[in-house]
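Reading through the structure tokens given below for one structure.
The values are calculated or read from the model by the stated rules, or taken from the named source; none is laboratory data. Remember, it's a predicted structure, so these values are computed and weren't measured experimentally. Cβ coordinates were reconstructed from backbone atoms using ideal geometry, including for glycine residues, and neighbour counts include every protein chain displayed.
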Amino acid sequence: MHNPGSSPISGRLVFHPAGFSGTESDPSVTYSLVPGATTSYADVLAAFGRTGLGSLDIVATTGPAPLAVARVFNDGGLRGTTGFSVDAARPQDALQAGETGVLIAPADPAAARFNVGLRTFDAGATLSVTIRNRDGETIRTFTKVYAPSYFEQQAGSVFLGAAPGPSESVAIAVTAGSAIVYGASTDNKTQDPAIQVARAVRP
């Protein structure tokens with residue numbers, strides 16, 4: 001986290017475990033940054049005394065929120081790490097009601113596994129999901145409803161109701177509320193991960 005401004009900033013990092021709506025009792029740690037300062041955590045989950053999946057909120061109490069980036073990686077020990085970095089997302093970065101974003105499943109499902117994750121905000125979210133094969137033919141459409149401040153990441157086969165086929169597209173239309181939706185794929189041989197975020201499709 002970095003403070004690019006000319007005044008001190010402070011606040012809390014709040015960890016919301018996956019599979020539950022966020023609550024006031026979720027674990028948190030405080031941060032404080034003077035102008036121009038940067039701080040980091042080698043393992044942010046360890047700072048909360050937690051393990052497992054979850055989402056992380058930056059709650060500013062003095063000044064604006066800091067610039068922030070997180071790295072998600074597989075630790076190969078002496079072989080180093082493989083992973084990706086992701087910038088902090090804001091509620092306005094989410095898919096809003098009336099917007100549609102698209103995820104693409106791996107071209108070779110036997111070579112890479114595919115997960116789908118999402119985070120809702122104060123209003124929760126209702127999603128209409130349409131799956132199409134690589135030729136553009138609709139395979140199925142279904143609706144998912146999520147509670148406020150909720151995070152989950154599931155295997156693609158669970159989220160989609162069946163294992164995704166080669167290069168299937170997953171169109172996520174938000175009909176109420178808002179949500180950040182992403183796809184995470186991991187190479188089955190090297191364990192190298194990658195992420196794609198469903199951005200609003202503009203005409």
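Could you grab me the full set of residues in the stretch 11-50 that are more than 28 Å from THR81 (Cα to Cα), more than 20 Å from the chain's Cα centre (by Cα), loosely packed, with under 15 Cβ neighbours inside 10 Å and touching a residue at least 24 places away in the same chain (Cβ under 8 Å)?
Matches in the stretch 11-50: SER32, VAL34, PRO35, GLY36.
In the stretch 109-203, which strands (runs of 3 or more DSSP E) lie fully inside it and hold 2 or more residues that are basic (Lys, Arg)?
Passing ranges, in order: 112-132, 138-146.
Could you grab me the full set of residues in the stretch 9-44 that are among the small types (Gly, Ala, Ser) and in a strand (DSSP E or B)?
SER10, GLY11, SER21, SER28, SER32
Evaluate the stretch 72-79: report whether one residue or more is touching a residue at least 12 places away in the same chain (Cβ under 8 Å), closer than 25 Å to ALA125 by Cβ and surrounded by fewer than 11 Cβ atoms within 10 Å (Cβ to Cβ).
The answer is no; no qualifying residue exists.
Would you say ALA47 is at pLDDT below 95, under 30 Å from ALA155 (Cβ atoms) and either assigned to a strand (DSSP E or B) or in contact with a Phe, Trp or Tyr (Cβ under 7 Å, 6 or more places away or on another chain) (or both)?
So ALA47 fits the description; yes.
Please tell me if THR186 is of a type outside the set (A, V, I, L, M, F, W, C), over 18 Å from ALA125 (Cα atoms), crowded, with 16+ Cβ neighbours inside 10 Å and touching a residue at least 60 places away in the same chain (Cβ under 8 Å).
yes
Taking into account only those residues within the stretch 51-64 that are modelled with pLDDT under 95 and outside any strand (DSSP E or B), which is surrounded by the most Cβ atoms within 10 Å (Cβ to Cβ)?
LEU53
So how many residues does the stretch 107-122 have that are closer than 19 Å to GLY161 by Cα and β-branched (Val, Ile, Thr)?
Selection size over the stretch 107-122: 1.
Return the total of residues in the stretch 81-108 being buried (at least 19 other Cβ atoms within 10 Å of the Cβ) and either part of a helix (DSSP H, G or I) or aliphatic (A, V, I, L, M) (or both).
Count: 4.
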